[in-house]
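The values are calculated or read from the model by the stated rules, or taken from the named source; none is laboratory data. In this text, all values refer to a predicted model and were calculated from it rather than measured experimentally. Glycine also receives a Cβ, built like all others from the backbone with ideal geometry; neighbour counts cover every protein chain displayed. We work out accessible area using only protein heavy atoms, side chains counted, and drop any ligands, DNA or RNA first. Shrake-Rupley method; radii C 1.70, N 1.55, O 1.52, S 1.80 Å.
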Amino acid sequence: AHQDAVWTRVALANQLRAELERVWPGATRIFAAIDSPIALAFLARYPSPTDAQRLTHRQLTALLRRQRYSGQRSPDELLQRLRSAPAGAAGPVEHTARRTIVLGLITALTAITAQIRTLQRDIDTQIHAHPDGPIFLSFFRAASLTAARLLAEIGDDRGRYQTNDALTAHAGASAVARESGRRKTASFRSARNHRLRQAITTLADTSRHHHPWARNTYTAARARGHDHPRALRGLARNWIHVLWRCWHDHTPYNPAQHGALTQQLAATA
């Protein structure tokens, strides 16, 4: 449900951006994300160039303060970005109609964004309350949503995946051998759990930025000529082996007990 809501938000944000590009391109350039709280608050107050025609530095500053805007740009810079953008091409009748459309999209985006926040809070509460929650959370710094996806897809029945190879195959992280005559190749596994694959790949992608073993494993794969997706699949496969062991032992991940990591750190020292 959370993923569906996020996709809906993305679709609505794209539609809002397209509408603004037709009548008011400046509104798409003033803030970084068109669906951010500050952008939606600004557009709710100024949904068309006519509404913002007499916008002053003082009014914009007051709006930014009310919304607790934490961006790096000053009100003067934001006004400059707004006013230096090209003007939209629309007649008075179309302009009025599209203003109504913009307001409707803002209402929908505001509602779906609030629902996403509610779902995130509920998911965070549930995974921390689950007996296996600490195991999955231990693999992330602050990504309880991805940890919850892993727990939801893997489950808590250890008999479902009696070997780490079974879990690796279900996540689509192991290759499929194909033979034709004397030729034998390894190809991408299409039969897989897409949500599980996405979650374990997210773990691999985020960990390579801060985890020494993950970074080394990914870098070594790229040095062997693997492209980014293949290197991530290899790292994800290695993480699944660690995750499966922790899961079956009912023990959260402890870097001090990760043999490959401790060997790497010892070699570096």
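Across the protein chains, with a 1.4 Å probe defining accessible surface, the residues H170, H95, H194 rank H194, H170, H95 from largest area downward. Dipole magnitude for the stretch 1-118: about 400 debye, using +1 per Lys or Arg Cβ and -1 per Asp or Glu Cβ, origin at the Cα centre.
For the chain, relative contact order (Cα pairs under 8 Å, six or more residues apart, normalised by length) works out to 16 percent.
Sorted largest first by accessible area at a 1.4 angstrom probe radius, with every protein chain in place, the residues S70, S144, S84, S207 fall in the order S70, S84, S144, S207.
Computed over the chain, the P(r) tail beyond 26 angstrom holds 58 percent of alpha carbon pairs.
Computed over the chain with a Gaussian network model linking Cα atoms closer than 10 Å, the most mobile of R68, R215, R83 is R68. DSSP H helices in the chain with Cα extent of 30 Å or more along the helix axis and mean Kyte-Doolittle hydropathy at least 1.6? For the chain, where a helix must reach 30 Å along its axis and average at least 1.6, there are no hits. Report summary: the helix-based calculation at 222 nm, which adds -39500 (n - 2.57) for every DSSP H run with n ≥ 4 and divides by the residues of the chain, gives -20500 deg cm²/dmol.
Heavy-atom accessible surface of V6, to the nearest 10 Å², is about 30 Å², with a 1.4 Å probe and all protein chains retained. Across R230, R73, the residue with the most accessible area heads the list, and the full order at a 1.4 Å probe is R230, R73.
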